[in-house]
Structure formats: C-alpha cells, structure tokens
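The values are calculated or read from the model by the stated rules, or taken from the named source; none is laboratory data. Note that this is a predicted model, so its numbers are computed, not measured. Glycine also receives a Cβ, built like all others from the backbone with ideal geometry; neighbour counts cover every protein chain displayed.
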Amino acid sequence: MTHRRKGQSSLEMLVLGGVAVSALVIMAVYVQRAYQSYLYSSGSTHGLQFDPRGTYTESSTVNVFRQTTDVTVKTGQPGVDLPTGTPDLPSTPGGHVPGRILETKVRAQTDWDISRKATYEAR
Amino acid sequence: MRPGNQKGQAMIEFAIIGSTSLLALAFLIQIGLRMNYQQEIEQQTFRLALRRAQDEGDKESQAILYQHIRDREIPEPSSEPTIMPRTSTQASSAVTWGEWLTFLADDRDSQPRVVVHVNDTRADDFRSGDFEGGKEGVKKDAPKDAPLVSAIHNQFTSTGQLTQASGASSLSSSSSASTTVTLKNGKTVSGSASASCSFSGGSWVCDGP
C-alpha cells in the first residue's frame with residue numbers, strides 16, 4: 001500500500017499547480033482587458049482623445065457680451081459766467097455756461113452668452 | 001548634482017513669475033491706454049471747441065461750451081480675446097473766441113453756444129439760455145451751477161468667435177457702443193460707435209474707432 005502511494009502527493013501537487021497556473025494564464029487576458037478598460041475610462045474623463053495630426057475643430061463663440069452703465073450726475077463744477085458788456089457797451093454778449101460733471105453715482109450691469117463647440121476625429 | 005526633489009523647480013518658478021509678469025504688463029498697457037485716451041479727448045475737445053468758436057458768425061457770441069463723450073476700446077487682460085471691451089471717456093471745454101467789442105442784438109444768437117458731442121453725433125443747436133431756470137424742461141428754482149449733463153446711459157455690446165482647426169485658426173470680433181446723454185433741461189443726445197476686427201490667413205483686418 002505504502003509503496004503504491006509513493007509519488008501520489010507530488011503528482012497531486014503538480015496537477016493542482018498546473019490547474020492554478022492555467023487558470024492564471026487564461027484569466028490574465030481578462031484581467032488585462034479589465035485593467036485597460038479602467039485606464040480607458042479614466043482617460044476619457046479628461047476629454048476625447050486628441051491627436052493634432054487628426055482633423056479637429058474647436059470654436060469658442062461669444063454670442064453677446066453686454067455692459068450697461070447708468071450714470072447719474074450728482075454734483076458738478078460751477079458754471080462759467082460770461083460777462084455782459086460794460087455800461088458803455090451794454091449789448092456785448094454774455095450768459096451762463098453750465099458747469100461740468102464732478103461727482104456721479106454709477107450703476108453697472110454685465111451679462112453674457114458664451115458657447116463652445118469642439119469636434120475631433122478619433123483614430 | 002541637483003537633488004531629485006529639486007527637479008523642475010526652475011520651470012515652476014518660470015511658470016509663476018512669467019505669468020505674473022505678463023499679467024502685470026497687460027494691466028500696465030490697459031492703464032496706459034486709459035490715460036492716453038483721456039488725454040486725447042481732453043486735448044481734442046479743446047481744439048474742437050476752438051474750431052467751433054472760430055466758425056461762429058459775426059452776429060453770434062463766438063463763445064462755446066463743448067461737452068464731448070467717446071466710448072473707446074480698451075482691452076482687459078481678464079476678458080476673453082473675442083471680447084472687445086469699451087470704456088467711456090469724456091471731457092468738456094469752454095472757449096471764448098469773440099471780439100467783445102462786437103455789438104450784438106440781445107437775442108438767442110448772442111448767448112454762448114452749447115455743443116454736445118456723443119461718439120458720432122454732434123448736437124450744436126443749444127444755447128446757454130436753454131438751461132436757465134424756468135426755461136422748457138428746467139425747474140424755475142434749478143441751481144444755476146448745476147452741470148450740463150444730468151445722466152448718461154451707456155450700452156456696450158460685443159460679439160466674437162475664435163476657431164482653431166487642424167489647418168488654420170481664425171478670430172473675428174466686433175463691438176458697438178450706444179450712449180444717451182440726458183441734459184439739464186431733459187433733452188437727450190444719442191450717439192453710437194462700432195468696430196470690427198478679424199484675423200484669418202495670417203493677417204488682421206480691423207476697422208472702426
């Protein structure tokens with residue numbers, strides 16, 4: 001009995017080891033595919049694959065950019081009085097020229113509409 | 001020679017200092033343009049007032065108050081290249097050309113002329129008497145020293161497109177300004193300005209102020 005069982009354990013180990021190695025070899029393909037898929041999806045989160053040799057178009061359009069400002073004049077520099085004539089020349093022209101702006105209250109508003117478009121040809 | 005953890009240090013320094021320097025230069029250009037345009041309008045307004053006063057007839061006062069507003073394009077470092085931002089500049093000038101010994105009838109022509117110039121529009125039919133208290137649109141007790149302009153409404157609009165492709169790139173941009181000035185007597189003067197710029201095939205084509 002004992003003599004017949006000689007080598008049985010080694011054979012079992014060999015067969016078991018072979019199965020394990022075969023399983024690893026076969027599964028390696030699927031493991032690699034899974035890992036590549038992970039890399040691809042990670043890379044895709046940064047945008048499409050870009051190759052400057054390929055056909056691509058990127059366009060940035062400002063449809064409208066509008067600034068509106070309303071200025072209310074609060075105070076100004078005093079106007080200029082142009083003297084009328086002397087008693088000898090009473091009809092010499094004269095008048096009051098309104099002053100210029102010194103202090104203002106400003107209300108400003110800005111709105112915009114911007115769109116972007118990108119086209120890539122993946123290879 | 002160089003420890004491993006110092007690799008790329010010079011590159012990072014260049015990236016930080018270089019971009020900061022460029023930003024500082026861009027702001028310097030912006031401030032320079034702003035000062036330049038302000039000087040330009042102040043001197044231009046005086047010359048326009050001088051010319052207008054000279055052009056007055058013998059039976060007019062030959063005295064001018066010139067109020068001038070121009071909306072100029074001044075790029076901002078923080079805005080997109082496709083936007084052409086505008087800034088309003090203004091100045092006023094009073095010129096008396098008259099020969100004071102000229103006898104004039106005491107009528108509207110003898111009053112100083114008030115010219116309001118907004119971008120491409122010049123309104124020169126106003127006389128100083130139009131802004132006196134009690135005249136049309138002016139309250140009787142309106143302060144005599146109140147400024148000529150009581151309100152300014154600006155609207156600056158810009159559109160543009162930047163396209164980059166494998167063969168070439170192009171840029172087109174346009175801007176317009178529409179400004180309405182309300183005077184002391186309630187009358188309004190409106191003026192506009194527009195400009196466009198495009199880059200294609202390696203050359204720029206621009207027009208407008």
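Determine which member of the set B:D120, B:D124, B:D141 is in contact with a helix residue (DSSP H, G or I) (Cβ under 8 Å, 6 or more places away or on another chain), surrounded by fewer than 19 Cβ atoms within 10 Å (Cβ to Cβ) and more than 7 Å from every other protein chain (Cβ to nearest Cβ).
Values: B:D120 fails: in contact with a helix residue (DSSP H, G or I) (Cβ under 8 Å, 6 or more places away or on another chain); B:D141 fails: in contact with a helix residue (DSSP H, G or I) (Cβ under 8 Å, 6 or more places away or on another chain).
Answer to the selection: B:D124.
Quick check, is B:F199 within 23 Å of A:V106 (Cα to Cα) and aromatic (F, W, Y)? So B:F199 fails the test. If the condition is being in a loop (DSSP other than H, G, I, E, B) and basic (K, R), then region B:124-172 contributes B:K135, B:K139, B:K140, B:K144.
Listed by first and then second residue, the pairs linking a residue in region A:62-75 that is surrounded by fewer than 16 Cβ atoms within 10 Å (Cβ to Cβ) to a residue that is not in a strand (DSSP E or B), with Cβ atoms under 8 Å apart and 6 or more places separating them unless they lie on different chains, form an empty list.
With respect to the stated conditions, A:L11 is modelled with pLDDT under 90 and part of a helix (DSSP H, G or I).
Filtering region A:59-79 to residues that are among the polar types (S, T, N, Q) and modelled with pLDDT of 85 or more leaves A:S59, A:S60, A:T61, A:N63, A:Q67, A:T68, A:T69, A:T72. Per this entry, A:S37 is counted among residues that are within 39 Å of the chain's Cα centre (by Cα), modelled with pLDDT of 80 or more and farther than 30 Å from B:Q161 by Cβ.
Residues to consider are B:Q44, B:Q67, B:Q62, B:Q30; find the one that is of a type outside the set (A, V, I, L, M, F, W, C), at pLDDT 95 or above and surrounded by 15 or more Cβ atoms within 10 Å (Cβ to Cβ).
Values: B:Q67 fails: at pLDDT 95 or above; B:Q62 fails: at pLDDT 95 or above; B:Q30 fails: at pLDDT 95 or above.
The match here is B:Q44.
Do we find a residue being surrounded by 14 or more Cβ atoms within 10 Å (Cβ to Cβ), part of a loop (DSSP other than H, G, I, E, B) and modelled with pLDDT of 90 or more anywhere in region B:178-188? Scanning region B:178-188, I find at least one residue that is surrounded by 14 or more Cβ atoms within 10 Å (Cβ to Cβ), part of a loop (DSSP other than H, G, I, E, B) and modelled with pLDDT of 90 or more, so the answer is yes.
Here is a yes/no grid of residues against (1) within 14 Å of chain A (Cβ to nearest Cβ); (2) closer than 25 Å to B:A193 by Cβ; (3) in a strand (DSSP E or B):
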residue	(1), (2), (3)
B:A15	no, no, no
B:F27	no, yes, no
B:T45	yes, yes, no
B:A49	yes, yes, no
B:Q54	no, no, no
B:S61	yes, no, no
B:Y66	yes, yes, yes
B:T89	yes, yes, yes
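A:G95 meets all of the listed conditions (1) more than 7 Å from every other protein chain (Cβ to nearest Cβ); (2) at pLDDT below 70; (3) in contact with a Ser or Thr (Cβ under 7 Å, 6 or more places away or on another chain) but one, namely (1).
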